[in-house]
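The structure appears below as structure tokens.
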Amino acid sequence: MPVYQIALPVPKRQTYMYTSDQCLHDGVRVQVPFAGRSLIGIVMGQASDTEHRDITLKNVDRVLDTRPLFTPLMLSLCQWLSQYYQHPIGDVLFTCLPAALRKDNPSEPGPVEVVSLAVDIDTARQQTARAPKQRTLVEMLSQGGRRVQDVRDLLTSAIKRAMLDKAIIKVESQPYTPEQDWQANLRLGEKPHANAEQALAISAITSQLGRFGVFLLEGVTGSGKTEVYLQAIEEVLLQGQQVLVLVPEIGLTPQTVLRFSQRFGSRIGVLHSGLSDNERLRVWQQSRDGEIGLIIGTRSAIFTPMQTPGLIIVDEEHDLSYKQQDGLRYHARDYAAKRAKQENIPLVLGSATPSLETLQNALSNRYQHLILSHRAGNARPPTQHLMDIREQPLRVGIAAGMTQRIRQHLERGNQVLLFINRRGYAPAYVCHQCGHVESCRRCDKPYTVHRQLNKLQCHHCASARPIPKTCNQCHQDAMFGVGVGTEQLEQGLNTLFPERKVLRLDSDTVKGKGKLSSQLDKVNQPEYQLLVGTQILSKGHHFPRVTLVVVLDADGALFSGDFRASEHLAQLVTQLAGRAGRAEQPGEMWLQTHNPGHPLLQDLTNNGYQHFARYALLERKHAHLPPFTYQALLRAEATHASLPHAFLSRCREMLNEMLQSSAASLQIIGPLPSLMEKRQGKYRMQLLLQSSQRSTLHRLLSPLLLQLENVPEARKVRWSVDVDPQDFT
Ligand code: ADP
Ligand code: ZN
């Protein structure tokens, strides 16, 4: 009997051998016995004779698919993911599948209801001569049967009953066959005339169709990047090829989808976290079988198979939500580049504030650089300023001079946007008598005060408790909130400007289905003049009535332990500025700071992101930091502080041994406590590996991780490896 290699969703970095009396194709699911359980696995290929000589093997219990779930190309991409991110292949494959297929659900759609003519066309026309709606349906069905779900608008229950009674139509259940007619249903909407820079970008992209190539579309906010995507997509769809568009988590609003569907009709596959498993599976099937031409989704949509791939677009490519922070720690943008290469299609990375990684690739000509330097239409770019708040009185974090400015903008009937990166009422609750700070014991961090919920909440582990009236230490009635969060800012603004309405957007006010979208709709209502919020405000939405943007505290990122903090601050500030003055009204942006002389803030406000980013790249080069070096981070955590240290020290020793027998150069930093040293009751440490050569890093990592499976220290901690880490907390 033939023997197969099967990948299983288990933490070990290997495949398992099973026999089967049927011939199994690579990429189908099978059910197999494993350690007393029954598991679903994926067939990875036939084992060679030498691999299984002298071992007795178990038999596959059941084959779940007639058609492979992975094409050979997608399987080889999964192998790449497994090797690149140093993650077990079984878990990689299951991460790439829609959740419904991780269980034993059928992978092919079930039968569908089909409506067709029950009489010849002439008879049908005669019988419906006086019923125009029925007649329309008859004409539609004259070409052949249609799926009931696709003609729902015409085939109302009344019409269906009437036509069934007269035996003009029949409705039958038929086996599912893919309908690849999305091209026929393509309704192209009106489009604006592209300006010169846009036209250049569009033709650069479309002349690359059918060949691999990566583009960085660097365009200031409001310069018409989305319009470039839309016109490039149109060209690809007209050629009968499919397009996959990735957008950041917070950017996938009904407004975004509407913009695409207005241009291309309604048959668009949308993938986001709010869908049910079955809805996700349906889009996966439709894309694989070529039933839809356009798929829009967040991070994991990058795994969607396509029948005739033509183009991949990653919008806001700098966005942090593209990096998965647990399990398979992939970066959807980086994987998109690998996938586009294997599929031999172009990839477009778009941003007003490109990540330094991508920018470096463009500046070194690995990527083609397309630039949109002006705003589309006649909107002028916002001016940027620093406000020195040293020795200025602050009310809810707003300097007196700023309050004046805000008032002026409000009196002109405009909107003002205030950004603060802390939600809740106050970021700490402190006793004025003894100095005691109410802290989460599991994370060793101050609790955030939430007045509306009447709770203290830990933003690191989500634990919460009622707000105590008196101090837990000295029992005096002297507790008060220190610092300002969105909730307090909202309240403070209500007091400062009682005649204006405040709209708060943070994860507390946009929680729940459709909530973000309904809050965003309110932005357009004239009565809301003051917008308060967190990061949510910075992501691609159009706020045309905003003429003043205020960043309450620009200082946090200046002194962070994370070397990317300044890049992220610059991106945030620039994206926020891009919200302002998008229509005819010019906008201004103010950063409140205690460090007005700081070179980063100076550079950013005087010269803009483009200049800042190129300068920051030079700094990174001199400091031997990414993108000029490559990193991998080993993380470990345990309830006892000594265990992560022991484990990571062991890793370090093993690496040093490996380095002795090779000429490779690798920098090993640590073990050091993570930026958040304690979280959810666990002590956390990390070991950073850095090399000027990516291959060196990978050559050492794979054997290290294999050995670690048998190291006793490894069993006492929870550990993981993160290739190209983005987050050091
Ligand atoms: P971005 O994605 O860079 O933020 P958008 O594509 O959303 O920019 O364009 C910003 C605004 O300008 C939108 O309202 C869009 O409809 C408009 N716009 C874009 N390109 C053009 C054009 N060539 N002519 C007229 N209006 C345009
Ligand atoms: Zn906590």
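Within straight cross-link reach of residue 501, meaning Cα distance under 23 Å, which lysines are found once same-chain residues fewer than 8 apart are removed? Correct list for residue 501: 511, 515, 522, 539. Accessible surface computed residue by residue for the chain, with neighbouring protein chains in place and a 1.4 Å probe, gives 45 Å² per residue. Taking amide hydrogens as placed 1.01 Å from N in the peptide plane, the amide H of residue 348 sits under 5 Å from those of 215, 312, 313, 314, each at least 5 positions away in sequence or on another chain. Each residue of region 259-275 was assigned a 3J(HN,Hα) from its phi angle through the Karplus expression (A = 6.51, B = -1.76, C = 1.60, θ = phi - 60°), giving 4, 6, 6, 5, 7, 10, x, 8, 7, 10, x, 10, 10, 8, 6, x, 7 Hz with x at Gly and Pro.
A Cβ-based charge dipole, computed about the Cα centre of region 610-658 with Lys and Arg at +1 and Asp and Glu at -1, lands at about 220 debye.
Local charge sum around residue 490 (other residues, Cβ-Cβ under 12 Å, Lys/Arg +1, Asp/Glu -1)? Intermediate values should be presented prior to the final figure.
Working: positive: 423, 451, 500, 501, 504; negative: 487, 506, 508.
Neighbour charge sum, excluding residue 490 itself: +2.
Taking every DSSP bridge with both residues inside the chain, close to 55 percent are antiparallel. Under 15 Å of direct C-alpha separation, and excluding same-chain neighbours fewer than eight residues apart, residue 191 reaches these aspartates and glutamates: 227, 234, 235. A probe of 1.4 angstrom, applied to the heavy atoms of all protein chains, finds residue 319 with accessible area near 10 square angstrom. Between the amide H of residue 318 and those of 355, distances stay under 5 Å, these residues lying 5 or more places away or on another chain, with hydrogens modeled in the peptide plane.
Hey, what do the phi angles of region 463-471 turn into as Karplus ³J(HN,Hα) couplings, whole Hz, using 6.51/-1.76/1.60 and θ = phi - 60°, x for Gly and Pro? Values per residue, Gly and Pro as x: 6, 9, 7, x, 6, x, 6, 10, 5 Hz.
A 1.4 Å probe over all protein chains sorts 80, 284 by accessible area into 80, 284, starting with the largest. Across region 297-313, rounded Karplus estimates of 3J(HN,Hα) from the backbone phi angles (6.51 cos²θ - 1.76 cosθ + 1.60, θ = phi - 60°) give x, 8, 2, 6, 4, 5, 8, 5, x, 10, 6, 10, x, x, 7, 10, 10 Hz, Gly and Pro being marked x.
Evaluate the charge dipole of the chain about its Cα centre and quote only its size in Debye, nearest 20, assuming +1 on the Cβ of each Lys and Arg and -1 on the Cβ of each Asp and Glu.
Values: 82 positive and 69 negative charges, 243 e Å.
Its charge dipole is roughly 1160 debye.
Distance between the pseudo-spin-label points of residue 275 and residue 501 (7 Å out from Cα toward the beta carbon): 3.5 nm. For the chain, what does the alpha-carbon gyration tensor say about shape, rounded, prolate or oblate, given a ≥ b ≥ c as the root eigenvalues, a/c under 1.5 as rounded, and a/b over b/c as prolate? Since a/c reaches 1.5 but b/c is at least a/b, the shape of the chain is classed as oblate.
Suppose R0 equals 45 Å. What FRET efficiency, 1/(1 + (r/R0)^6) with r the Cβ-Cβ distance, do residue 239 and residue 707 give to the nearest 0.05? Show your work: numbers first, answer last.
Details: r = 50 Å, r/R0 = 1.11.
Step by step, r from the Cβ atoms, then E = 0.35.
Within the straight-line cut-off of under 26 Å between alpha carbons, the lysines reachable from residue 166 are 133, sequence neighbours fewer than 8 places apart in one chain being disregarded. Measuring nothing but how far apart in sequence close Cα pairs (under 8 Å, 6+ apart) lie, relative to its length, region 112-174 scores a relative contact order of 57 percent. Of the solvent-accessible surface of the chain, computed with a 1.4 Å probe and all protein chains present, 49% belongs to carbon and sulfur.
Between the alpha-carbon centers of region 80-98 and region 507-535, tell me the distance in whole angstrom. Taking the Cα centre of each part, region 80-98 and region 507-535 sit 37 Å apart. Taken as Cα centroids, region 353-411 and region 34-48 sit 54 Å apart, rounded to the nearest whole angstrom.
Placing unit charges on each Cβ (+1 for Lys and Arg, -1 for Asp and Glu) gives the chain a dipole about its Cα centre, and among 573, 312, 331 the Cα reaching farthest toward its positive end belongs to 573. Between region 683-708 and region 417-452, the C-alpha centres lie 37 angstrom from each other.
The values are calculated or read from the model by the stated rules, or taken from the named source; none is laboratory data. Nothing here was measured: the structure is a model prediction, and the numbers come from that model. Ideal geometry is used to build each Cβ from the backbone, glycine not excepted, and the neighbour counts take in all protein chains shown. Just the protein is used for accessible areas: all its heavy atoms, side chains included, with ligands, DNA and RNA removed. Shrake-Rupley method; radii C 1.70, N 1.55, O 1.52, S 1.80 Å.
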